[in-house]
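Quick notes on the structure that follows.
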Amino acid sequence: MTADRVRTLRRGATSIVIAAAVYQAVAQSGFFASALMPGLPTIAQTLFGMLADGSMFMHAVFTLYRVLFGFGLAVAIGLPLGVLMGRFQAAENFVLPLASALMPIPSLAWIPVFILWFGLGNTVTVLIVFYAALFPMLLNTWTGVRAVNPIWLRAAGAMGADEKKLFWKVIIPGASPFIIAGLRQSFLRSWIAVIGAEMLAASNWGLGWVIFDAQQFLNADVMLASILVIGLIGFFTERLVFGSLERATIYRWGMARMAKG
Amino acid sequence: MQQAAPLADIAARPADGEAGALRIVLRNAFPFVVVGCIWEAVAHLGLFPAQFFPTVETIAEAFVRLTLSGVLPHHALDTLIRLLAGFALAAIVGVSIGVVMGRSRRAEDYLLPLVAIGAPIPGLAYAPLFLLWFGPGNVPSVLLVAFVSTFPIIYNSWTGVKAVKEIWVRSAHAMGADNRALFRHVILPGALPYVMTGLRLGLAQAWRILVAVEMLAAVPWGLGWMIFGAQEFLNTDVMLAGIAVIAVIGVGLEKLVFKPLENFTLVRWGMMAS
């Protein structure tokens, strides 16, 4: 088994090294101008330069601020609304048609409209993130609440649970695998949306903005360095934040199997 | 009475017939009417300049005008062609890579790290880079859309091939199936539910970024470009008409492309309840 793992790791490392070597070879062959396709050392240098002077950090902070604001808003509205839809037929009848009409519109399509309404800047980006994150949150919560086993509700009712207890002790834990899947999906969507929104609507800071801005000056090294940072932040948020959230809740409650369904 | 609700609901719902259908249509239309009325009220109250917040009639008028002059269909058609070109590319490449990864341990070991590194980076982040490399226009938009939708297709095809039961493969072998027959009659149908999920996710991803890519890539025609261009002239009615078309295409893709395809293959083969 360990020999197997070693072989897998060796092959994985080989392919990454080969991919890097191919990139470096293409970059040096002069097929593209070196400003358009800088070599790996140049990218590394730019990355360290931007990390050292703190500008990369500022860009990341602005992007994270926007993403968390929009995502937080989407959770604050999508979660209660999803629960309402799951519990009350009237709410479902009203919200579901609207949600199914608005959901297929990519959030980024609203950027020009929002820019006209709210002007360039943070408001537009936050709202675009909110729009992108709202629907996965809403629909997953709704599905989750409806998927709570009715027997649990009846059992809790028979044991004398009032509405409040029923909600906190049965419905929320029962729907949690779906809610966590919704949080995860919402965050992924937010992360994509924030980059696009910053490119089109931000004015001086943000990882999306810096990539877009670098295009004007043909700074491909800045672009690639920022893309790397974007990928790393996305990857670690997904793994660390949502991974540990899952372990702390649904795995501990023994509900992980349901989350896959 | 929470427990009684589902039962009451079933009892109240007529089996079928016109009255039931009409009720469903009305129920679904009601929220739109409410939102439309609120929109109309706000637009007529003049809280915002009419240019920025047009009435529903103005939007409908812009929609009819642009449709009749053929501008809107041209934009929509170009967007659809770009979407399908990118998605077709992604489907071919993604399913091939996914199947190879699922069948060969060696390919899996070599390719998985690259896929795992590429997947978490939002595709839009590459957009300016692709524009630098390939110039503005169709080539970077189609490539970017293809690139973004490839990853879910790879992941799901790979998982699907790995989920094919070993016992099916062995029994096919025992009955003398060669590699081609094995692939055609066992692995492909077995992996299909996953592959379909992957294609669906891939198309959805492609659709979500295509509009933004069109805004960035300065393509001559396309709904994204139309909306973005209308911003310069403060034509909010044109923008909202464009967004309405985008919504219709989005709903149509889901209902007309994937539902029938799913019914045609998976349900017919009995791998999924309809």
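Where a number appears in this text, it was derived from the coordinates with a stated rule and is not lab data. Because the structure is predicted, anything quoted here is derived from the model rather than measured. No Cβ is skipped: glycine too gets one built from the backbone with ideal geometry, and neighbour counts run over all protein chains shown.
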(message) Calculate log10 I(q)/I(0) of the range B:96-149 for q = 0.13, 0.17 Å⁻¹, where I(q) comes from the Debye formula with a single equal point scatterer on each Cα and nothing for solvent.
(response) -0.42, -0.64
(message) Need one number: convex hull volume per residue for the range B:31-175, Cα atoms only, in Å³.
(response) 222
(message) So if I take the centroid of the Cα atoms in the range B:235-259 and the same for the range B:160-206, what is the distance between those two points in Å?
(response) 33
(request) Springs between alpha-carbon atoms under 10 Å, Gaussian network over chain B: tell me which of B:ALA191, B:ALA125, B:ALA85 tops the mean-square fluctuations. (result) B:ALA125
(request) Apply 1/(1 + (r/R0)^6) to the Cβ-Cβ distance of A:VAL26 and B:LEU234, taking R0 = 35 Å, and write down the FRET efficiency to the nearest 0.05. (result) 0.20
(message) Let me spell out the model: positive unit charges on the Cβ of Lys and Arg, negative unit charges on the Cβ of Asp and Glu, origin at the Cα centre of the range B:59-267. What dipole size does that give, in debye rounded to 20?
(response) 820
(request) Could you work out how far apart the two model spin labels at A:ARG247 and B:VAL93 are, taking each label as a point 7 Å from the Cα in the direction of the beta carbon, and quote it in nm? (result) 3.5
(message) Quick check on the protein assembly as shown: helices-only [θ] at 222 nm, where DSSP H runs of length 4 and up contribute -39,500 (n - 2.57) each and the sum goes over total residues. Nearest 500, please.
(response) -25000 deg cm²/dmol
(request) Please report the relative contact order for the range B:59-267, taking Cα pairs under 8 Å with a sequence separation of at least 6, and give it as a percent rounded to a whole number. (result) 29
(message) I'd like the distance separating the alpha-carbon centroids of the range A:28-49 and the range B:103-125, in whole Å.
(response) 23
(request) Based on a Kirkwood Rh over C-alpha pairs, give the Stokes-Einstein translational diffusion coefficient of the range B:117-250 at 37 °C and viscosity 0.692 mPa s in µm²/s. (result) 189
(message) Working only with C-alpha atoms, what are the Rg and Dmax values of chain B, expressed in angstrom?
(response) 23.8, 77
(request) Pop a pseudo-label 7 angstrom from the Cα along the beta-carbon direction at both B:GLU40 and B:LEU26 and give the gap in nm to one decimal. (result) 1.9
(message) I need the calculated FRET efficiency for the pair B:TRP168 and B:ALA107, taking r as the beta carbon distance and R₀ as 30 Å, to the nearest 0.05.
(response) 0.90
(message) Give me the base-10 log of I(q)/I(0) for the protein assembly as shown at each q in 0.11 Å⁻¹, Debye formula, one uniform scatterer per Cα, rounded to two decimals.
(response) -1.15
(message) Quick check: pseudo-label points 7 Å beyond the Cα along Cα→Cβ at B:VAL71 and A:ILE77, how many nm apart are they?
(response) 3.1
(request) Round to the nearest 0.05 the FRET efficiency obtained for B:THR55 and A:GLU238 when R0 = 45 Å and r is the Cβ-Cβ distance. (result) 0.55
